[in-house]
Amino acid sequence: MFLLDLPSRCQLCATKGQYLDGGSRCVDCPDAGRRIALVVGLVVGCAALMAGCFVALVHPAGERIPFLRPARRAIAWLACYARSIGIVPKLKILFSFFGIATSLDEVYDAKMPPAYTEWVSAAFGWAQIDWVSWQLPHISASLACL
């Protein structure tokens, strides 16, 4: 509901670039430019790092670098071993289980004992990633106040 109310809130303040914070106080709209630049920079940096690692460790051009040969051999062995035991499907099943186990209370409305829910959220809480609530309110508030 907050996302639908935001454009009208931005119009209620006399100063451009401000919105009502739920009461009668006008606050500045958050700056989404810095957050977007940080995310884009992080993605580009990770892509460049992955491309460099790919060229150095997997691509045939990396064979010309002598000190990388042991690492290339180890990566080839690990890839062959992972294919032989079928690690990718097993990791998909495991990650899906972690996500379901941590969201039983919210999604399925299954009431579990508090001891179980505390233990599961402490052990597998990292598998439950909520990207929308992490980034969307800041970006939507900035875009609505333009």
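The values are calculated or read from the model by the stated rules, or taken from the named source; none is laboratory data. Keep in mind the model is a prediction, meaning the values are calculated, not measured. So basically every Cβ, Gly included, is an ideal-geometry build from the backbone, and we count neighbours across all protein chains shown.
Some values worked out for this structure:
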read-out: Those residues of region 107-126 which are at pLDDT 75 or above and outside any loop (DSSP other than H, G, I, E, B), in sequence order; value: VAL107, PRO114, ALA115, TYR116, THR117, GLU118, TRP119, VAL120, SER121, ALA122, ALA123, PHE124
read-out: Residue in region 127-143 that is at pLDDT below 75, out of contact with any helix residue (DSSP H, G or I) (no Cβ under 6 Å at 6 or more places or on another chain) and acidic (Asp, Glu) present; value: yes
read-out: Candidate set: region 17-36, residues that are in contact with a His (Cβ under 8 Å, 6 or more places away or on another chain) and not in a loop (DSSP other than H, G, I, E, B); chosen: the one surrounded by the most Cβ atoms within 10 Å (Cβ to Cβ); value: ALA32
read-out: Tally of residues being part of a helix (DSSP H, G or I) and touching a helix residue (DSSP H, G or I) at 6+ places or on another chain (Cβ under 7 Å) across region 49-81; value: 9
read-out: Verdict on SER96 being among the small types (Gly, Ala, Ser), more than 22 Å from the chain's Cα centre (by Cα) and either at pLDDT below 90 or part of a helix (DSSP H, G or I) (or both); value: no
read-out: Every residue from region 105-125 that is in contact (Cβ under 8 Å) with a residue 12 or more places away in the chain and within 21 Å of the chain's Cα centre (by Cα); value: VAL120, SER121, PHE124, GLY125
read-out: Meets criteria (part of a helix (DSSP H, G or I), hydrophobic (A, V, I, L, M, F, W, C), under 30 Å from GLY17 (Cβ atoms) and at pLDDT below 80) for LEU146; value: no
